[in-house]
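Engineer: Attaching a single structure in structure tokens format; questions to follow.
The values are calculated or read from the model by the stated rules, or taken from the named source; none is laboratory data. All values reported here derive from a predicted model rather than from experimental measurement. Because the Cβ atoms are built from the backbone with ideal geometry, glycine has one as well, and the counts that use them run over all protein chains shown. These area figures cover heavy atoms from the full protein model, side chains too; ligands, DNA and RNA do not enter into them. Shrake-Rupley method; radii C 1.70, N 1.55, O 1.52, S 1.80 Å.
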Amino acid sequence: MKIKYAGLLSSILAATVCLSSSLLADVLMELESGRYDTIERGVADAKRANDYAAERYYLSLKSFYRGDLKEAGDLLSDVSTQTFTAADWLKNYIAEVQPAREKMTVKESEHFIFRTVDQESFLADYALEALEKAYTELGRDLQVFPKDKIIVEVYPDQETFSKASTLSKETLDRSGAIGICKFRRLMIISPQQL
């Protein structure tokens with residue numbers, strides 16, 4: 001199954017049951033920037049409208065962008081995609097990516113969450129040290145310090161990286177891409193694959 005990023009945007013656009021178009025635009029921008037105030041308003045609107053499916057969907061989007069696929073999937077588990085089609089893309093993405101994610105080892109530093117498969121867990125110490133230095137130096141230069149930890153995921157092969165990044169194998173082959181910043185996380189392919 002090929003997962004397309006446009007599918008997420010389309011599913012969000014289809015979920016306008018409780019969101020005005022201006023509120024929806026704010027939600028999309030905030031999700032990518034790590035802010036969740038507007039989506040919380042959408043959740044409140046869904047609750048007021050007694051729209052359980054929309055409420056769960058928006059809560060799952062928040063979990064998804066915070067990097068918690070398991071929680072996002074759990075929130076959608078009882079939402080029917082037949083009655084709430086916006087959840088379809090997100091459910092499919094989680095089903096495709098969660099198995100690879102479950103095999104990852106997680107190591108955290110002050111500002112980062114680093115995920116990789118067990119065989120490459122040795123990368124975490126080196127990467128986290130370099131990332132923390134970059135965080136301090138770039139943050140000082142740009143005057144930007146994200147409040148949430150930054151998620152970095154190293155995928156063991158092109159197939160799992162393709163699923164997680166939503167870039168097709170053809171796009172990866174054509175562009176030579178080995179990493180992407182998407183869904184509020186930095187996803188890269190294992191250095192062993194280069």
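Engineer: At 0.692 mPa s and 37 °C, plugging the Kirkwood radius over alpha-carbon pairs of the range 96-153 into Stokes-Einstein gives what diffusion coefficient in µm²/s? The partial results should precede the final answer.
Structural biologist: Working: Rh = 12.2 Å.
Estimated diffusion coefficient is 269 µm²/s.
Engineer: Roughly speaking, what is the stretch gain from GLN193 to THR85, that is 0.36 nm per residue apart minus the C-alpha to C-alpha distance, in nm to one decimal?
Structural biologist: Gain on stretching GLN193 to THR85: 35.2 nm.
Engineer: Using protein chains only and a probe of 1.4 angstrom, how many square angstrom of PHE122 are accessible, to the nearest 10?
Structural biologist: 110
Engineer: Given the pairs LYS62/LYS149; LYS107/LYS163; LYS47/LYS182, which span a C-alpha to C-alpha distance of over 19 angstrom in this model?
Structural biologist: LYS107/LYS163; LYS47/LYS182
Engineer: Are there GluC sites (Glu not before Pro) in the range 63-117 that DSSP marks as loop and that have at most 10 other Cβ atoms within 10 Å, and which are they?
Structural biologist: Sites meeting the loop and neighbour criteria: GLU110.
Engineer: Can you work out the PRE-style zone for LYS70? Point 7 Å along Cα to Cβ, and I want the residues of the range 84-122 with backbone N under 17 Å.
Structural biologist: What the label zone holds, given the 17 Å backbone N cut-off, is 94-108, 113-118.
Engineer: In Å, what Rg and Dmax follow from the Cα atoms of the range 149-194?
Structural biologist: 9.8, 32
Engineer: GNM, the chain, Cα, under 10 Å: largest mean-square fluctuation among SER63, SER33, SER165?
Structural biologist: Highest fluctuation of the listed residues: SER33.
Engineer: Still on this structure: Once you have the Cα-Cα distance between ASP148 and ASP118, take 0.36 nm times their residue separation minus that, and quote the gain in nm to one decimal.
Structural biologist: Details: separation 30, 0.36 × 30 = 10.80 nm, distance 2.47 nm.
Between ASP148 and ASP118, full extension yields an extra 8.3 nm.
Engineer: To continue, here is another question. Compute the separation of the alpha-carbon centres of the range 109-129 and the range 141-189 and state it in Å as a whole number.
Structural biologist: With the range 109-129 and the range 141-189 each reduced to a Cα centre, they are spaced 15 Å.
Engineer: Work out how much length VAL106 to ASP141 would gain on full extension: take 0.36 nm times their residue separation and subtract the Cα-Cα distance, in nm to one decimal.
Structural biologist: Numbers: separation 35, 0.36 × 35 = 12.60 nm, distance 2.87 nm.
Here the segment from VAL106 to ASP141 would lengthen by 9.7 nm.
Engineer: May I ask for the percentage of alpha-carbon pairs in the chain that lie more than 20 Å from each other?
Structural biologist: Distances greater than 20 Å cover 58 percent of the Cα pairs.
Engineer: May I pose another question? So what's the net charge close to ARG101: Lys and Arg +1, Asp and Glu -1, counting the other residues with Cβ under 9 Å from its Cβ?
Structural biologist: +1
Engineer: If you don't mind, there's one more thing I want to ask. Mind checking the range 112-194 for trypsin sites (Lys or Arg not before Pro) that DSSP puts in a loop (not H, G, I, E or B) and that have at most 12 other Cβ atoms within 10 Å?
Structural biologist: Here the sparse-neighbourhood loop sites are LYS147.
Engineer: Return a whole-number percent for the relative contact order of the chain, with Cα pairs under 8 Å and 6 or more residues apart as the contact set.
Structural biologist: Taking the mean separation of contacting Cα pairs over the length of the chain, I get 20 percent.
Engineer: Based on DSSP H runs of at least 4 residues, each adding -39500 (n - 2.57), what is the mean residue ellipticity at 222 nm of the chain after dividing by all its residues, to the nearest 500 deg cm²/dmol?
Structural biologist: Using -39500 (n - 2.57) per qualifying helix, the result is -17500 deg cm²/dmol.
Engineer: Considering only DSSP beta bridges where both residues belong to the chain, give the percentage that are antiparallel (nearest 5). The partial results should precede the final answer.
Structural biologist: Details: 9 of 18 bridges.
So the antiparallel bridges amount to about 50 percent of the total.
Engineer: Using 7 Å Cα-to-Cβ label points, what is the SER33/LYS47 separation (nm, one decimal)?
Structural biologist: Label at SER33, label at LYS47, 2.5 nm between them.
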